[in-house]
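Okay, structure first, notes after.
The values are calculated or read from the model by the stated rules, or taken from the named source; none is laboratory data. It should be emphasised that the depicted structure is a prediction, and the values quoted were computed from it without experimental measurement. As a convention, Cβ positions derive from the backbone with ideal geometry for all residues, glycine included, and neighbour counts pool all protein chains shown. Only protein heavy atoms, including side chains, enter the accessible area calculation; ligands, DNA and RNA are left aside. Shrake-Rupley method; radii C 1.70, N 1.55, O 1.52, S 1.80 Å.
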Amino acid sequence: MGHNSCHVKDFYTDPFQPNLSFAYGHWRRSHKGGGGGGFICLAFFVFLLQALASAIPPVSGQLWDGVVVTQADFQALRAIKNELIDFKGVLKSWNDSGLGACSGWAGIKCVNGEVIAIQLPWRGLGGRISEKIGQLQSLRKLSLHDNALAGPVPLSLGLLPNLRGVYLFNNKLSGSIPPSLGNCPMLQSLDVSNNSLSGKIPPSLARSTRILRINLSFNSLSGSIPSSLTMSPSLTILDLQHNNLSGSIPDSWGGAGKKKASQLQVLTLDHNLISGIIPVSLGKLAFLENVSLSHNLIVGPIPSELGALSRLQILDLSNNAINGSLPASFSNLSSLVSLNLNSNQLANHIPDSLDRLHNLSVLNLKNNKLDGQIPPTIGNISSISQIDFSENRLVGGIPDTLTKLANLSSFNVSYNNLSGPVPSLLSKRFNASSFVGNLELCGYISSKPCPSPSPHNLPAQSPQALSKPHHRKLSTKDIILIVAGVLLLILLLLCCFLLCCLIRRRTASSRKSGKAAKAAASARSVEKGISAGGDVESGGEAGGKLVHFDGPFVFTADDLLCATAEIMGKSAYGTAYKATLEDGNQVAVKRLREKTTKGQKEFETEVAALGKIRHPNLLALRAYYLGPKGEKLLVFDYMTKGSLASFLHGK
């Protein structure tokens, strides 16, 4: 019939698989020229759609949305289901006809009839992952973490050109990591931690130019660290701790030549069998924030080049065989929060310049060979909360400047060669275990009082003082006046004390009544705010609570927790991230530090009030999340042009 014929012979590509999108596309290609017959064919096509929609039963309690999964994807999903053990019946919606796979099947997401995501975490699934998963050519995300899956990681994952995230952590997977994963050009996140994987780390994992996060921790991987990982320009997080890795750390970090600078922020290699020295090239990682090399067999001195890491916040080199002295360049680590060099062979003095570390909170130099005195300048680090200098060879006294550290909650200088009295404020705040093992240290326990000065050391009176005449004795009248004056002074002080107590009681009672009124008002405002604009949702598989306010788009807690995140900045109250959701939308997420936030009720009260504020010059709060372990996340709109500070200061 030429251009006016109505082709419907391919409407069904399978007796159980109506391919509506194919039929409609075939009709459009056959009728680009138009004509009178086109209207008849269109009416016939609409009639068929209505008949099909009325004939197909509801899927999973919902009407079928008309989107049909492709035949290849349907066969792959059936093969995947056949090799899984569904202890809890979560896959009962995966029917044998394939109807509703894109709308009613648990954990399946589709675009244009092609599966793009399989998300079934925390479902108690057993069995193994089928190699047929390689047929899902549009798959972007595979999330099966926190199940009981066994067997190997499928080799066919390397055949997926659009794969971006693989989340298989907290399972019972065995075998080796497939080198074919390096063939996924879009891969951004690979997390297979806490399994029973063995073998070597494939160097091909660094082939993907978009890889951001690799977490292979808590497995039984062996061999050395591939040097290709050290030269990845996109990698931001590399977690390899708790394995059986051996050999030395490659000295090729940051690449070479004029290549793009390394973006690595987190490097955790602790609890392995790594030997050799700390590579000097670590000093090239300008964005590095967290380094953990503890519990290895590392020897040699600490490179002074590490002092160039201006963004470094956590440095843990404990439980190795590192020798030499503390580099003077460490005083340049202005962002350092925690320094742990416990159980090494460090010697020489503790540098006086450590007081330049204004953000330092934890300083652990326990079990080394440090000598000399404790620097009094440490008393200038007002942010410090933990100090451990125990089991060294320190001498001299404990500086009085340490009593100025108001945030100090843990202090230990036991088993050194310290002498002299312990400052009284320190002996009252910390028990005797913080000072034992110093034979010449006194004043920290009743059984070791400090000796009083001997009479021979008292200053002798001068002959002039001895030759001065004695004063006359006081008369009875003088004594009466002195006693009366003392009694009057005591009475005056007593009146002042009673007056102060009365004022404090009145102030305390007024504060309590004011707080009670404010709490009642806040509770009423929270109830009104939540009923007016807040949508409370469960935290999905991860638990917790997600509360939405009005906004341009809606997302689940799982989408938020599995989003790709980039650190935008840090402050004393928390860390700000740029989070990219699965659908491509971007939000700004602020993770609040636990020590700076209030209780849950007060937090929800204040956040509910902030969520109602809308002003053209203020960034709108779109949602907040309360995690099962107390974590608190605030979600704002993401401003693509940067912050007000960067605009004003040209940063």
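Points to keep in mind about this one:
- Rounded if a/c under 1.5, otherwise prolate or oblate - region 287-357, Cα gyration tensor axes: oblate
- Those residues of region 351-375 whose amide nitrogen sits under 17 Å from the label point placed on Ser325, 7 Å along Cα→Cβ: 351-355, 368-375
- Packing rank of 365-377, 231-243, where each peptide gets the mean count of other beta carbons within 10 Å, highest leading: 231-243, 365-377
- Residue list for region 117-134, given a label point 7 angstrom along the Cα-to-Cβ vector of Ala79 and an amide N cut-off under 16 Å: 128-134
- Ignoring aspartates and glutamates fewer than eight residues from Lys632 along the same chain, the ones with Cα atoms less than 12 angstrom from its Cα are Glu594, Glu604.
- Gain in span if fully extended, Ser248 to Asn348, counting 0.36 nm per residue against the direct Cα distance: 33.4 nm
- Linear extension gain, Lys629 paired with Leu581, 0.36 nm per residue minus alpha-carbon span: 15.0 nm
- The residues His271, His145, sorted by heavy-atom accessible surface at 1.4 Å with ligands and nucleic acids left out, run His271, His145 from largest to smallest.
- For region 316-464, averaging the sequence separation of C-alpha pairs within contact (under 8 Å, six or more residues apart) and dividing by the residue count gives a relative contact order of 15 percent.
- FRET efficiency estimate (nearest 0.05) - Cβ-Cβ, Ser452 to Glu606, R0 60 angstrom: 0.60
- For the residue pairs Lys590/Lys641; Lys172/Lys629; Lys578/Lys629; Lys260/Lys629; Lys109/Lys601, the alpha carbons lie more than 27 Å apart in Lys260/Lys629; Lys109/Lys601.
- Our summary gives region 251-369 a relative contact order of 20 percent, counting only alpha carbon pairs under 8 angstrom and 6 or more residues apart.
- When peptides 406-413, 576-583 are sorted by average Cβ neighbour count within 10 Å, with the highest value leading, the order is 576-583, 406-413.
- Using the average count of surrounding beta-carbon atoms within 10 Å as a protection proxy, the listed peptides 417-430, 119-132 rank, highest first, as 119-132, 417-430.
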